[in-house]
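Take a look at the structure below.
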Amino acid sequence: MDEEEWVVRQAQYWDSLAATYDCVYDSVWSTRENALVASRLISLVPPRVMCNVLELGCGTGLGYDLLVKNTSAKIRYTGVDVSSKMLAKFERKYPGEDIHLVNAAVEEIQPDQFKNIDLVMAIFTSASYVRLSLDSLLRKILGWMNPDGGHIYLSFLNRASLRLALEWGLRPEIQYASRRTSGGAVPAMRYSRSDLLVAARTYGLKANVVSLGPMVGLFELPFAWPLNRFLADFALGSHTIEMIA
């Protein structure tokens, strides 16, 4: 699949979910996932300072919400998403907020479009919907970042995911359907822990690779959350893997 078709399909798919997306992820399990991701994000944002944040695949605004509700930092926020309908919902949810939204595919963003970014984030596997090699994606991101330092939080679908392995084996490119949705799928890339660490080392990044746990999408019952978190540190089959650098 070429990049142009990939981008078109991304826009169509996420537009189709925009109206119901927040409801799909309104559950006790999702709330706990959100809290875990928030704890990781705020560790990258110094309190009570101005922080320039760029979110790739910002959707309806969950990442922005997690930041502003969980840190005392002053967030200067830019969100990028290929779905115009997702962005329209984002704007309706946060009227009057000091946010800047860009309707574009990450692949189309120019190297000089952003600068002095302190945190680049793509949460809940958003980085898997970008049709760039890991090397190209990191090179683009690092070109936008503050030369004096900053952080990256990128979440990907795991090539060894228990949820996805039966249908797709270990192939990197798959057709993915979001949780409890039907009637369509979107192309996505999967990566291994080794893929992320090798790519990070290429650019001299000290990266930590973590996950949300192997039961995501399989057994999302509240009582299973502690076991899911325990297994996340040991199991290869976690649904997501996240590069934090």
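The values are calculated or read from the model by the stated rules, or taken from the named source; none is laboratory data. Bear in mind the structure is a predicted one, so any value in this text is a computation, not a measurement. Note that each Cβ is placed from the backbone with ideal geometry, even for glycine, and that neighbours are counted across all protein chains shown. Keep in mind that these areas ignore ligands, DNA and RNA; they rest on the heavy atoms of the full protein, side chains included. Shrake-Rupley method; radii C 1.70, N 1.55, O 1.52, S 1.80 Å.
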Q.
Suppose we keep only residues that are over 15 Å from THR60 (Cα atoms) and out of contact with any strand residue (DSSP E or B) (no Cβ under 9 Å at 6 or more places or on another chain) within segment 7-24. Which one would you say is most open to solvent (accessible area, probe 1.4 Å)?
A. VAL8
Q. Of everything in segment 208-224 that's open to solvent by 30 Å² or more (accessible area, probe 1.4 Å) and under 20 Å from LEU41 (Cα atoms), which residue is nearest to the chain's Cα centre (by Cα)?
A. VAL210
Q.
Residue under question is ALA35, and the condition is that it be under 18 Å from the mean Cα position of the chain (by Cα) and crowded, with 18+ Cβ neighbours inside 10 Å; does it hold?
A. no
Q) What tally of residues in segment 173-231 results from selecting those that are outside any strand (DSSP E or B) and either charged (D, E, K, R) or farther than 30 Å from LEU142 by Cβ (or both)? A) 29
Q) How many residues are surrounded by fewer than 18 Cβ atoms within 10 Å (Cβ to Cβ) and either modelled with pLDDT under 95 or more than 18 Å from ASP22 (Cβ to Cβ) (or both) if we restrict to segment 45-67? A) 5
Q) Of (1) open to solvent by 10 Å² or more (accessible area, probe 1.4 Å); (2) among the hydroxyl-bearing types (Ser, Thr, Tyr); (3) part of a helix (DSSP H, G or I), THR78 satisfies all except one. Which? A) (3)
Q.
Among the residues of segment 173-183, are any of a type in the set (Val, Ile, Thr), out of contact with any Asp or Glu (no Cβ under 9 Å at 6 or more places or on another chain) and open to solvent by 10 Å² or more (accessible area, probe 1.4 Å)?
A. yes
Q) Got a number for residues in segment 1-25 being modelled with pLDDT under 90, assigned to a helix (DSSP H, G or I) and among the hydrophobic types (A, V, I, L, M, F, W, C)? A) 2
Q: Evaluate the following for LYS85: is it open to solvent by 80 Å² or more (accessible area, probe 1.4 Å), of a type in the set (Lys, Arg) and closer than 27 Å to GLY150 by Cβ?
A: no
Q: Restrict the check to segment 109-128 and report whether at least one residue is touching a residue at least 24 places away in the same chain (Cβ under 8 Å), out of contact with any Gly (no Cβ under 8 Å at 6 or more places or on another chain), surrounded by 14 or more Cβ atoms within 10 Å (Cβ to Cβ) and not in a loop (DSSP other than H, G, I, E, B).
A: yes
Q. Of (1) of a type outside the set (D, E, K, R); (2) farther than 30 Å from PRO147 by Cβ; (3) not in a loop (DSSP other than H, G, I, E, B), PHE234 satisfies all except one. Which?
A. (3)
